[in-house]
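Have a look at the structure below, then the notes.
The values are calculated or read from the model by the stated rules, or taken from the named source; none is laboratory data. No experiment lies behind these values; they were computed from the predicted model shown. Neighbour counts run over all protein chains shown; Cβ positions are idealised from the backbone, glycine included. Remember, those area values only see protein heavy atoms, side chains included, never the ligands or the DNA or RNA. Shrake-Rupley method; radii C 1.70, N 1.55, O 1.52, S 1.80 Å.
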Amino acid sequence: MSASPHPDSSPPPGSDASFGAHLRHWRQHRRMSQLDLAHEADISTRHLSCVETGRALPSRDMVLRLAERLSVPLRERNRWLVSAGYAPMYRERPIDDPALAMARQAVDRLLQAHEPYPALAVDRHWQLVAANALVPRLLEGVAPFLLAAPANVLRLSLHPQGLAPRITNLRAWRAHLLERLAQQIGATGDPVLQALHQELSGYTLPATRDEAATDGDLAGIAVPLCLRHGGAVLHLISTTTVFGTPVDITLQDLAIESFFPADAATSAALAALATEAPLSNGVGMR
């Protein structure tokens with residue numbers, strides 16, 4: 001079992017907590033002193049202390065300014081506003097809400113345009129939201145219970161009955177995913193992600209060492225996913241795309257993971273895989 005993914009892994013206060021409790025939790029989570037935060041927010045340390053202890057009530061603008069300086073997620077900002085006596089500001093709608101139609105179409109286009117390479121969209125807990133036609137082909141042989149909605153893509157990757165037995169650089173890929181998850185926990189303090197990190201860290205690793213990932217072209221640049229499929233080993237590197245200025249909680253939570261071939265052989269293998277059946281002309285969202 002690995003160590004705690006973040007020194008301050010306590011969950012954010014509940015919805016009935018005071019504004020001062022929310023502020024103190026996130027200030028400490030970001031490892032900022034009252035002096036540091038007061039300087040960043042351009043207020044006096046005394047006033048910040050009074051707000052944090054409940055001796056002074058913050059204005060709505062002050063709530064939003066402090067949340068911005070502490071990079072508080074939109075979902076938590078709504079809780080801050082309510083705890084301070086103001087109406088929530090950010091909406092959270094299902095991805096199929098008509099108001100999000102243009103964003104949903106943008107995600108669809110990105111996934112489809114990436115074919116014949118795999119790409120998928122995930123939510124804040126790494127649950128699969130949508131995928132292009134290459135993804136299910138690479139998931140062949142995965143235990144059905146791992147594919148049941150809502151499927152978690154990190155669990156799919158690292159579970160012994162998932163892709164793990166086919167990942168030839170499993171130790172390196174696992175370390176990469178756990179570190180990335182730890183960084184996400186550090187940013188959000190999400191208890192669901194903390195539980196997921198603990199679960200994934202507990203999976204048994206095979207006794208064998210990792211096979212060579214590639215010929216060394218990626219050394220020091222990126223950690224590839226080296227996946228056995230159809231008698232060959234695919235070498236893939238990934239990128240993450242997020243909405244740049246979301247004001248909707250659903251969109252802030254959404255990320256697109258796109259995989260690219262790391263060598264010519266993988267590019268050819270994926271192109272051949274794409275010809276086995278027609279590629280998608282429409283990608284469904286969860």
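Per DSSP H run of n ≥ 4, the term is -39500 (n - 2.57); total these for the chain, divide by its residue number, and report the mean residue ellipticity at 222 nm rounded to 500 deg cm²/dmol.
Computed ellipticity for the chain at 222 nm equals -12000 deg cm²/dmol.
Starting from the coordinates of the alpha-carbon atoms of the chain, obtain the Kirkwood hydrodynamic radius over all distinct pairs and give the value in Å to one decimal.
21.1 Å
Ranked from highest to lowest mean number of other Cβ atoms within 10 Å per residue, what is the order of the peptides 135-145, 245-255?
Sorting 135-145, 245-255 by mean packing, highest first, produces 245-255, 135-145.
To the nearest 0.05, how large is the calculated FRET efficiency for Thr239 and His39 if R₀ is 45 Å and r is the Cβ-Cβ distance?
So the FRET efficiency works out to roughly 0.80.
Counting only heavy atoms of the protein chains, get the accessible area per residue of the chain (1.4 Å probe) and round it to a whole Å² value.
So the chain comes to 50 Å² accessible per residue, rounded to a whole number.
Taking all protein chains as present, what is the carbon and sulfur share of the accessible area of the chain, in % to the nearest whole number, probe 1.4 Å?
55 percent
Among 81-91, 150-160, how do they line up from the highest to the lowest mean number of other beta-carbon atoms within 10 Å?
Output ranking for 81-91, 150-160: 150-160, 81-91.
Taking 0.36 nm per intervening residue step and subtracting the Cα-Cα distance, what contour gain separates Val192 from Ala175 on full extension?
Gain in length upon complete extension: 4.2 nm.
Count charges around Ile249 for me, please; just the other residues with Cβ under 11 Å from its Cβ, Lys/Arg as +1, Asp/Glu as -1.
0
Per residue, how much space in cubic angstrom lies within the convex hull of the C-alpha atoms of the range 1-128?
165 Å³
How far is it, in nm, from the label point at Arg91 to the one at Ser49 when both lie 7 Å from their Cα along the line to the Cβ?
Distance between the two pseudo-spin positions: 4.3 nm.
Sorted by average packing, counted as other Cβ atoms within 10 angstrom per residue and highest first, what order do 166-174, 40-48 take?
Answer by packing, highest mean first, reads 166-174, 40-48.
I'd like to know which of Ile43, Leu273, His197 lies farthest towards the positive end of the charge dipole of the chain, counting +1 on Cβ of Lys and Arg and -1 on Cβ of Asp and Glu.
Ile43
Along the charge dipole of the chain, Cβ charges K/R +1 and D/E -1, which of Gly54, Ile249, Ala67 sits furthest on the positive end?
Comparing the listed Cα positions along the dipole, Gly54 ranks first.
Calculate the FRET efficiency for Gln161 and Ala264 from the Cβ-Cβ distance with a Förster distance of 25 Å, rounded to the nearest 0.05.
Working from the Cβ atoms, E equals 0.20.
To the nearest whole percent, what portion of all C-alpha pairs in the range 155-266 is separated by more than 18 angstrom?
Tail of P(r) above 18 Å: 57 percent of Cα pairs.
Using 0.36 nm times the number of residues separating Ser18 and Leu57, minus their current alpha carbon distance, what extension gain do you get?
That pair, Ser18 and Leu57, stretches by 13.0 nm at full extension.
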